[in-house]
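Every read-out reported here was derived from the displayed coordinates using simple, explicitly stated rules and does not represent laboratory data. Keep in mind it's a predicted model, so treat the numbers as computed, not measured. As a convention, Cβ positions derive from the backbone with ideal geometry for all residues, glycine included, and neighbour counts pool all protein chains shown.
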Amino acid sequence: MRFLLLLLIPLTLLCSASVEPSPLQNHSFASSIGYKAGDTVVTIPADIRHIPPFAFFDCKSLRHVVFPRNSKCTSIGEYAFAGCENLSEISIPTGVTEIREGTFRECSSLRRINLPKKLKDIKSFAFIYCELLDSVALPQGLTHIGLNAFCRDLSLSEIYIPDSVIEIESYAFADCMSLTSARLPNNSRMLGELIFNGCSSMTLLSQPSQTPPAFDCDSFIFSPADTTAYKRCRLIVPPTAIPYYQSAQGWSLFFDN
């Protein structure tokens, strides 16, 4: 089955679902390129253009995925590496422009991922529960970060979101409990609900836009009930824009404490 989650479901449920077996699971691709159950390394042939959905789903022994420098791969399917709990590092080929839904979901040992410069889109649940991922360099040119994309990445310490990003969906970085600082893009595009909710270590948030972005469903950065979050986290905005943020829905909570 697909992982279809409604925004109305509480955050605790959005971040708690585990990867389950799917009828779309497609290990035939893995077999066709020589991967066998128990292998720790797989090399993707250079002439492969597409890795199908669920290709290496739940391959728990897999530690390394190698793409040759001349890889022609431009597409990696949904949940292709989801549940690969021992995968520690991967470099995405330069031709890939999107990380699809759940591609690296629950890769709990993933520490480092090199994203291509041409990447435009990170879909929902792409890196959810990647608990050891401590840094991510989002490329200039990225335009979209999906629902729960980095939710509960417990080691992520800081995030810089480039100005090219025009959509950040709800809970994108929720429950990243080691996240101390974040920089939002310099534009006034609408932000998703509670994108940093549960980020209990965050002390600095930078929003360079002169105009305060609105929030989807009249939401907030953190839950309005989490008053300690607004006391702990310092909001940095352009000095001339402070009065606008002080009166803007969702942003005014930073000034009420």
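What the table shows:
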quantity	calculated
Gain upon complete extension [His144, Glu158; 0.36 nm per residue less C-alpha separation]	3.2 nm
Built amide H within the under 5 Å cut-off of Phe215, gap 5+	Leu191
For the range 74-230, size of Cβ-based charge dipole, Lys and Arg +1, Asp and Glu -1, in debye	480
Relative contact order %, the range 98-167, counting alpha carbon pairs below 8 Å whose residues are six or more apart	32
Entries of Lys117/Lys231; Lys60/Lys123; Lys36/Lys72; Lys72/Lys120; Lys60/Lys120 with Cα pairs more than 26 Å apart	Lys117/Lys231; Lys60/Lys120
Pairwise label distance in nanometres, Ser188 with Cys217, each label 7 Å out on the Cα-Cβ vector	2.5
For the range 26-87 and the range 213-253, distance of Cα centres in Å	42
Answer label for Rg and Dmax of the Cα atoms in Å (calculated), chosen among (1) 17.0, 48; (2) 18.0, 57; (3) 18.9, 61	(3)
Value of relative contact order over the range 29-120, rounded to a whole percent, pairs C-alpha under 8 Å and six or more apart	25
Helical mean residue ellipticity (222 nm; -39500 (n - 2.57) per DSSP H run of 4+; nearest 500) of the chain	-1500 deg cm²/dmol
Most fluctuating residue given options Phe222, Phe150, Phe67, as computed from a GNM of the chain linking Cα atoms under 10 Å	Phe67
Neighbourhood charge, 14 Å Cβ-Cβ cut-off, centred on Cys130 and excluding it, Lys, Arg +1 and Asp, Glu -1	-3
Approximate spin-label separation Thr227-Leu204, in nm, with each point projected 7 Å along Cα-to-Cβ	2.7
Distance in nm between pseudo-label sites at His27 and Phe255 (7 Å out along the Cβ direction from Cα)	5.8
Net charge, Thr74 excluded, C-beta distance under 11 Å - Lys, Arg +1, Asp, Glu -1	+2
Highest-fluctuation residue, Pro224, Pro213, Pro239 considered, GNM on the chain with Cα pairs under 10 Å	Pro239
For the range 65-197: rounded, prolate or oblate by the Cα gyration tensor [a/c cutoff 1.5]	oblate
Relative contact order [Cα under 8 Å, 6+ residues apart], the chain, whole percent	10
Estimated vicinal HN-Hα couplings, Hz - the range 223-237 in sequence order (Karplus 6.51, -1.76, 1.60; Gly, Pro = x)	4, x, 6, 8, 5, 5, 4, 6, 6, 6, 8, 8, 9, 9, 9
For the chain, built as a Gaussian network whose Cα springs stay under 10 Å, the top-fluctuating residue of Arg105, Arg69, Arg234	Arg69
Förster-model FRET efficiency, 30 Å R0, Glu167 and Ser109, C-beta, rounded to 0.05	0.55
